[in-house]
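Before any comments, here is the structure.
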Amino acid sequence: MIGIAVVGYGYWGPNLVRNISEAAGAELIAVCDLNVERLAAVKSRYPAVTITDNFEEVLRDPRVDAIAIATPVFTHFKLAMQAMMAGKHVFVEKPMASTAEEAARMVEEAARRRLVLAVDHTFVHTGAVRKMRELVESGLGDMYYYDSVRVNLGLFQHDVSVIWDLAVHDLSILDHVVQERPVAVSATGMSHVLGEPENIAYLTLFFESKLIAHIHVNWLAPVKVRRTLIGGSAKMVVYDDLEPSEKIKVYDKGITLNPNSQAYGENVHQMMVGYRSGDMWAPKLDMTEALKRELDQFVDCIEQNTRPITDGNAGLRVVRILEAASRSLAQRGRIIELEEARLIA
């Protein structure tokens, strides 16, 4: 059994605690939080679990093999590094660190100590996103575009912009589904609350191929939208995370090009571009809870000394884009090159 401690019992911590307590091959050893009332809630529900407000106690506990970190972003680096220096495997909430430099150091530390470092990119483990990757690999043809919208009313964050809060989800999905890495990013946005980070933003990612990706995130929308469109030369996909059942729809629609057309004048474009409109189908999806799959994989990777799908390198790639997008945002959309991102395995 892999002994796991959870650090942070705020918004996401209870979900981690529940899934770890139910995971095969894992044992929930301890929960650490600075809030005494939260710890009391843990004790009432999980009486056998050790509760503490002292992180050092968790590090010293020989029963703890791994630590799941669900604390504010600015604390991730320090806590994760302390955990790995104590010989503990780490599962850290997204985004994995506040800067690319911190994320890179975390990756290096995990590799040096041969520890598993997993980043909680939960959506990557959903049946819908896994199906999208399968479709991209086998049935969509050449990739044309990736377009996502993730908007709602709130929850305003005081320590990070909407990019670091919401776009991180779409960037992690993009990183998993599309194997080609972006080479540059441009971002624009605005804050409508004095002294607070940007609450609306638009990111555009450029690739060496003709693929282009666009991400719209917003805390100030009247409705909640979680929709992604992927366009390929053979088929197109619509992913709507708010759909209760048919989250993925595949459309046999697109265009056909005839570059050898002999038409001239006004008819040349009509002859070069033809339109194809076929069937739509909704594939069956695995409805297993994503966090359960993710934590089960984390435990398996510890036992088998393998790398998780959303390992430290995946987290680093996302943080590099977030950091570059923030620089672009501050410079009103200036394109920031991502040459170093292409060097990440």
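The values are calculated or read from the model by the stated rules, or taken from the named source; none is laboratory data. Computed from a prediction, not measured in an experiment: that's the story for all the values here. Glycine gets a Cβ as well: all are built from the backbone with ideal geometry, and neighbour counts include every protein chain shown. The area values use the complete protein model at the heavy-atom level, side chains included, leaving out ligands, DNA and RNA. Shrake-Rupley method; radii C 1.70, N 1.55, O 1.52, S 1.80 Å.
Determine the distance separating the Cα centre of the stretch 275-309 from the Cα centre of the stretch 118-171; give it in Å without decimals.
14 Å
Nearest 500 deg cm²/dmol is fine: what mean residue ellipticity at 222 nm does the chain get from its DSSP H runs of n ≥ 4 alone, each adding -39,500 (n - 2.57), divided by its residue count?
Computed ellipticity for the chain at 222 nm equals -10000 deg cm²/dmol.
With label points built 7 Å along Cα→Cβ from the Cα atoms of F156 and E339, find their separation and express it in nm.
Here the answer is 4.0 nm between the modelled labels.
Rounded to the nearest 0.05, what FRET efficiency do V149 and F74 give with R0 = 30 Å and r taken as the Cβ-Cβ distance? Could you check?
Rounded to the nearest 0.05, the efficiency is 0.60.
Just to confirm my numbers, what's the Cα centroid distance between the stretch 1-37 and the stretch 51-111 in Å?
Spelled out, the Cα-based centre of one part sits 14 Å from the other.
Nearest 10 degrees is fine. How inclined is helix 312-330 to the longest principal axis of the chain, computing both from alpha carbons?
Its long axis makes an angle of about 60 degrees.
Mind giving me the nanometre distance, one decimal, between the label points for V193 and L220, set 7 Å out from Cα along Cα→Cβ?
With each label placed 7 Å out from Cα toward Cβ, I get 1.1 nm.
Please sort by residue number the trypsin sites (Lys or Arg not before Pro) in the stretch 23-75 whose DSSP state is loop and whose Cβ has at most 15 other Cβ atoms within 10 Å.
R63
How much length would be gained if the chain were fully extended between S209 and S245, taking 0.36 nm per residue of separation minus their Cα-Cα distance, in nm to one decimal?
Full extension from S209 to S245 adds 9.6 nm.
In degrees from 0 to 90, rounded to the nearest 10, what is the angle of the helix 36-45 Cα long axis to the longest principal axis of the chain?
90 degrees
How far apart, in nanometres, would the label points at M1 and T99 be if each is projected 7 angstrom from Cα along the Cα-to-Cβ direction?
Going by the 7 Å Cα→Cβ label model, 4.1 nm.
Here are labelled values, (1) 16.5; (2) 18.8; (3) 20.4, and one is the computed mean projected area of the Cα convex hull in nm² for what I pasted. Which one?
It is the one labelled (3).
If the elastic network links every pair of Cα atoms under 10 Å, which of P222, P308, P244 fluctuates the most in the Gaussian network model of the chain?
The residue with the greatest mean-square fluctuation here is P244.
Whole-Hz Karplus ³J(HN,Hα) for the stretch 109-117, in order, using 6.51 cos²θ - 1.76 cosθ + 1.60 and θ = phi - 60°, x for Gly and Pro?
Along the stretch 109-117, the couplings run 5, 5, 5, 5, 9, 6, 10, 7, 10 Hz.
Kindly provide the GluC sites (Glu not before Pro) of the stretch 123-191 that DSSP labels as loop, not H, G, I, E or B, and whose Cβ sees at most 15 other Cβ atoms within 10 Å.
Here the GluC sites (Glu not before Pro) that fit, given the DSSP loop and packing criteria, are E180.
Springs between alpha-carbon pairs under 10 angstrom, Gaussian network model over the chain: which of R112, R150, R130 fluctuates most?
R112
Order H158, H214, H192, H89 by their accessible area, 1.4 angstrom probe, all chains in place, largest first.
If we order H158, H214, H192, H89 from most to least accessible, we get H158, H192, H214, H89.
Which far-off residues, 5 or more places away or on another chain, put their amide H under 5 Å from the one on T71, with H placed in the peptide plane?
Residues meeting the criterion, in which the H sits 1.01 Å from N, are E93.
Grab the Cα-Cα distance for S44 and R114, subtract it from 0.36 nm times how many residues apart they are, and report the gain in nm with one decimal.
Result for the pair: 21.6 nm of gain on full extension.
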